[in-house]
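The values are calculated or read from the model by the stated rules, or taken from the named source; none is laboratory data. The shown structure was predicted, so the numbers you read here are calculated from the model rather than taken from an experiment. Glycine gets a Cβ as well: all are built from the backbone with ideal geometry, and neighbour counts include every protein chain shown.
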Amino acid sequence: MKQPVRVVVTGAAGQIGYQLLFRIAAGNMLGPDQPVILHLLEIPPAMNAVQGVVMELEDCAFPLLHGVVATDDANVAFKDANYALLVGAMPRGPGMERSDLLQANAKIFSVQGKAMNDHAAKDIKVLVVGNPANTNALIAQQNAPDIDPGQFTAMTRLDHNRALAQLSGKFNVQTNDLTRMTIWGNHSSTQYPDVSQVQVNGCDLTNVDQTWYVDEFIPTVQQRGAAIIKARGASSAASAASSAIDHMRNWALGTAAGDWVSMAIPSDGSYGVAPGIIFSYPVTCANGQYSIVQDLPVSEFSQSRIDATEAELREERSAVEHLF
Ligand code: NAD
Ligand code: LMR
């Protein structure tokens, strides 16, 4: 049996936290041979609720769960942490854009970035889920100068999975028949879900009706979060948790041969994107490292969509630079 690794989940008493913790403890994220010690970070008013979650975790008797630390102190939560899923943040309500949360949530990520810098394992893998996820990841990264900036990522896997689900319905195939989907850019309504490289059972997706693609598919994926808020009266939780598991599992354990996934990672300038912003790219993962899929053809249409989402991320960066 491997040595246990320490996994931080912030916002552990929230709705995503409740969907996430039990799957991590069951081995869905890091595999059936990797014990975990869960570190649950919450704010003081939620500590009672967290204790209830801890009791439920105990009651599942998960063989892989080798301990739980529940705390409202970020310095305790990030001590020796190997993985961090930064979920704790305010969600948006109806009529809001995710960027409306920027000032409300930014402070959380600067505090947690500093705590990670001082206490976490230097190779910690960080996934930011709390919105606006890309720019929150940048804030955490900029407050953790001793950690490799590439270890800070944000979640666009939910958008990727949403796109696969839409394609599955449209083309009457299973989601696992589909490969090479890409989400470019920001986890926001400017994101660009790009089907130009998608394959069905290894063959190129042909006969994509452009009117459907531009007027239905792209807006449906871009607006899916808002549609769920409207329907549920609360933002997506189980699907967000499931996508966070997918993101971390692929990063830690690798992607399937012939396929790639979408991860928001610090831009290295690939595809002409401003270096440094946390931009969603097509990536493959192996040996715990991700690599951007290079040299994909980019049409004029795709370029204009990539430019729009990149511009939004540059603006978000400008709005929070005082926190770096
Ligand atoms: P929620 O309100 O149910 O839970 C958030 C939890 O975070 C609460 O329990 C709160 O007490 C806690 N919290 C607040 N500040 C904290 C801090 N400083 N440290 C630790 N915990 C803190 O919200 P939720 O539905 O779980 O959503 C959480 C975030 O995830 C929101 O910002 C939401 O918009 C975002 N989200 C992102 C995606 C994505 O695809 N990236 C998908 C869904 C939701
Ligand atoms: C989502 O995409 O479901 C989340 O980011 C929540 C939201 O605000 O849309």
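His119 satisfies every condition listed in (1) surrounded by fewer than 17 Cβ atoms within 10 Å (Cβ to Cβ); (2) modelled with pLDDT of 95 or more; (3) under 19 Å from the mean Cα position of the chain (by Cα) except (3). Within the stretch 235-275, being hydroxyl-bearing (Ser, Thr, Tyr), within 13 Å of ligand 2 (Cβ to nearest atom) and over 12 Å from the mean Cα position of the chain (by Cα) holds for Ser235, Ser236.
For the stretch 243-270, taking the residues that are in a helix (DSSP H, G or I) and either without any contact (Cβ under 8 Å) to a residue 12 or more places away in the chain or within 14 Å of ligand 1 (Cβ to nearest atom) (or both), the one that is surrounded by the most Cβ atoms within 10 Å (Cβ to Cβ) is identified as His247.
With the stretch 59-134 as the region, which strands (runs of 3 or more DSSP E) entirely inside it contain at least 2 residues that are in contact with a Cys (Cβ under 8 Å, 6 or more places away or on another chain) and assigned by the TED database to the domain that holds Asn250? Talk me through it step by step, then tell me what you get.
Numbers: elements: 65-71, 83-86, 125-128.
Output list is empty.
Taking the criterion of being of a type in the set (Gly, Ala, Ser) and either modelled with pLDDT of 95 or more or within 7 Å of ligand 1 (Cβ to nearest atom) (or both), the residues of the stretch 79-109 that qualify are Ala81, Ala84, Gly88, Ala89.
List pairs: first residue in the stretch 230-242 and among the hydrophobic types (A, V, I, L, M, F, W, C), second residue within 8 Å of ligand 1 (Cβ to nearest atom) anywhere in the structure, Cβ distance under 6 angstrom, at least six positions apart or on different chains. Final answer for the pair search is Ala237/Gln15; Ala237/Ile16; Ala240/Ile16; Ala240/Leu158; Ala241/Ile16.
Determine, yes or no, whether Thr156 is within 22 Å of Val273 (Cβ to Cβ) and either touching an Asp or Glu at 6+ places or on another chain (Cβ under 8 Å) or within 14 Å of ligand 1 (Cβ to nearest atom) (or both).
On the way: within 22 Å of Val273 (Cβ to Cβ): yes; either touching an Asp or Glu at 6+ places or on another chain (Cβ under 8 Å) or within 14 Å of ligand 1 (Cβ to nearest atom) (or both): yes.
Here the answer is yes, as Thr156 does meet what is asked.
Taking the criterion of being within 19 Å of the chain's Cα centre (by Cα) and buried (at least 21 other Cβ atoms within 10 Å of the Cβ), the residues of the stretch 15-41 that qualify are Ile16, Gly17, Leu20, Leu21, Ile24, Ala25, Met29, Leu30, Leu38, His39, Leu40, Leu41.
Taking into account only those residues within the stretch 209-240 that are closer than 21 Å to Arg305 by Cβ and not in a helix (DSSP H, G or I), which is farthest from ligand 1 (Cβ to nearest atom)? It would help to see each step written out before you state the result.
Kept after step one, since they are closer than 21 Å to Arg305 by Cβ, are these residues of the stretch 209-240: 209-227.
Filter once more, keeping what is not in a helix (DSSP H, G or I): 209, 223.
Details: Asp209: 27, Gln223: 13 Å.
Top of the filtered list is Asp209.
Of the residues in the stretch 141-166, how many are among the hydrophobic types (A, V, I, L, M, F, W, C) and within 16 Å of ligand 2 (Cβ to nearest atom)? Talk me through it step by step, then tell me what you get.
So the first thing to find is which residues in the stretch 141-166 are among the hydrophobic types (A, V, I, L, M, F, W, C), and the list is 144, 147, 152, 154-155, 158, 163-165.
Remaining after also requiring within 16 Å of ligand 2 (Cβ to nearest atom): 154-155, 158, 163-165.
Adding up the residues that qualify gives 6.
Every condition in (1) touching a strand residue (DSSP E or B) at 6+ places or on another chain (Cβ under 6 Å); (2) not in a helix (DSSP H, G or I) is met by Thr206 except one, and the failing one is (1).
Output the residues belonging to the stretch 271-290 that are surrounded by fewer than 18 Cβ atoms within 10 Å (Cβ to Cβ) and closer than 26 Å to Val36 by Cβ.
Keep residues of the stretch 271-290 that are surrounded by fewer than 18 Cβ atoms within 10 Å (Cβ to Cβ), which gives 272, 274-276, 286-289.
Scanning the stretch 271-290 gives Ala286, Asn287, Gly288, Gln289.
A residue that is of a type outside the set (Ser, Thr, Tyr), under 18 Å from the mean Cα position of the chain (by Cα), surrounded by fewer than 17 Cβ atoms within 10 Å (Cβ to Cβ) and within 16 Å of ligand 2 (Cβ to nearest atom) can be found somewhere in the stretch 92-109.
Among the residues making up the stretch 122-142, those that are more than 14 Å from Arg317 (Cβ to Cβ) and within 14 Å of ligand 1 (Cβ to nearest atom) are Val126, Leu127, Val128, Val129, Gly130, Asn131.
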